[in-house]
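Heads up, the thing below is written out as structure tokens.
What follows is calculated from the coordinates using simple rules that are stated; it is not laboratory data. All figures in this text were calculated on a predicted structure; none of them were measured in a lab. We place every Cβ from the backbone using ideal geometry, glycine too, and count neighbours over all the protein chains shown.
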Amino acid sequence: MNRLAVAATLAVLLVVLGVALAVTVPWTVLPGASPHVDVARDFTSAQVAREVAFHKAVRPPAYASLVLGLVVAGLLALTPLGGRIVALVGRGWVTQVLLGTVALTLIGRLVTLPLDAQSERVLRRYGLSTQTWGSWLVDALKGVAVASVMTAVVLLAALWLVRLAPRTWWAWAALVTAGFVMLGSFVYPLVVEPLFNSFSSLPAGQLRTDLLDMAARDGVPVKDVLVADASRRTTSLNAYVSGFGSTRRIVVYDTLVKTASPDEVELIVAHELGHAKRQDVLHGTVLGALGAAAGVCVLALLLSWTPLLRRAGAESVGDPRVIPLLLFLAAVGTLLLAPATNLVSRRIEARADVHSLDVTRDVPTFIASEKRLALTNLSDLDPNPVAYAFFSTHPTSPERIALAREWARLHR
Ligand SMILES: [Zn+2]
């Protein structure tokens, strides 16, 4: 493998990614706005105290689970232990890749399960989870199954390429991984979402007619609005867009449809129409595919360093015993990149908020809805900078309310 070629390709990908981020991310969503965030204006001290107590209880097990997961993945990757497990599960390399990935994913999930159960207990204590332990465990198993199947397919393709083209595999693997990211995002709503929830069309009636009219006025072709049976798992309120092209769908939680006023549902769907209109899922997927291709180049460079391979107990990059190392490096990389991906996500969310205001022009409902969502979901109203950087995919509710007030001021 030509390290210089890998490094040059990586540099080109990073430049393309940098330009794409600079040009396509809505860094300014509301020109002329200078939002003033003021938690105390909209939330009482008792409401803040309840949310703070909830996060004090739920964060320690969640952080511990994250750290423990990484430590175990590191142990499996940087000692011969993980490689031995891969070698134990089968004889041929294909079997070792498939079953080895399943075994390692399962081990990673099992060691963190008690801590995740502790998080679930906190969610129940605060009335956020409606699950039984049975359905919680089934969800966890389905999660492992989905993760290990998707990872195994990518790893199988990558190791096959290493064996087929020992010198240029990294270039093909970068292309194939980017392709898998695109395909994965496209088929996700059809293949993965139905494993966890059932979806039904929003029933015919005034609300449905109003929502589809609003979408038509907005110039976003929407055939249907789907309702997910989220209430069998949670009391939290949410809506989202997933897929792109022919698999794009707007989904609203049944918890939201049951409790929200028609104005509130319209406002939330208008936010999702903003995502659909700007092709945010496709945009995020293309950025993700570029990032994944760059990630493969980084991995190729790291794996060309023989001492690292030796540590993992692998003889070459094509040796299935390299898998624990790949999983660990991917996990570390994903965590390190979280502040960047969340930063981009928050800008895109803010643009969808502005879109919902442009369409509905309903600032009072926006503010009331943000308050209700924050209180019901026990959102962190003023996260510490580290939690904000690593875990906040959306602006905080006080930030969203402040932006809405600026929208009102600029559109007076
Ligand atoms: Zn959104």
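Observations
- For the chain, the membrane-span-like helix rule (DSSP H, alpha carbon extent of at least 30 Å along the helix axis, mean Kyte-Doolittle at least -1.0) picks out 3-24, 45-78, 93-125, 133-164, 169-191, 280-303, 323-360; this says nothing about an actual membrane.
- Centre separation in Å (Cα based) which lies between segment 389-412 and segment 152-168: 45
- GNM flexibility winner over the chain from T28, T376, T95 (Cα, springs under 10 Å): T28
- Counted charge near A387, where neighbours are those whose Cβ lies closer than 15 Å (Asp, Glu -1; Lys, Arg +1): -1
- DSSP-defined beta bridges in the chain - what % are antiparallel, rounded to 5: 65
- Residue with peak Gaussian network fluctuation, the chain [Cα springs, cutoff 10 Å], from A331, A22, A314: A22
- When only alpha carbons are used to place a centre, segment 109-133 and segment 238-262 end up 25 Å from one another.
- Under 5 Å from the amide H of V225 lie the amide H atoms of L202, each residue being 5 or more positions distant or on a separate chain, with H modelled from the backbone and absent for Pro and chain starts.
- Cα shape, segment 63-140, gyration tensor, a/c 1.5 rule: oblate
- Candidate lysines - alpha carbon under 27 Å from K56, same-chain residues fewer than 8 apart omitted: K371
- Cα shape, segment 1-91, gyration tensor, a/c 1.5 rule: oblate
- Overall shape: oblate for segment 130-273, with the ratio a/c of the largest to smallest alpha carbon gyration tensor axis at 1.5 or above and b/c at least equal to a/b.
- Taken about its Cα centre, segment 1-155 carries a charge dipole of about 380 debye when Lys and Arg each add +1 at the Cβ and Asp and Glu each add -1 at the Cβ.
- Sparsely packed loop sites in segment 108-215 (the trypsin sites (Lys or Arg not before Pro) outside DSSP H, G, I, E and B with at most 10 other Cβ atoms within 10 Å) comprise R167.
- Net +/- balance of residues flanking T130 in space, Cβ distance below 10 Å, scoring K and R +1, D and E -1: +3
- Fraction in percent of alpha-carbon pairs per bin - 20 Å, the chain: 23, 55, 21, 1
- Using Cβ point charges alone (K and R +1, D and E -1), the dipole size of the chain about the Cα centre works out to roughly 1020 debye.
- Over the chain: helical MRE at 222 nm, DSSP H runs n ≥ 4 each giving -39500 (n - 2.57), nearest 500: -24500 deg cm²/dmol
- Our note on the geometry: Cα centres of segment 1-63 and segment 296-339, 26 Å apart.
- Listed residue (L302, V225, Y240) projecting farthest to the positive dipole end of segment 223-337, Cβ model: L302
- Choice from F186, F43, F366 with maximal GNM fluctuation in the chain (Cα, 10 Å cutoff): F43
- Ranked list, fewest to most other Cβ atoms within 10 Å of each Cβ, for V257, V138: V138, V257
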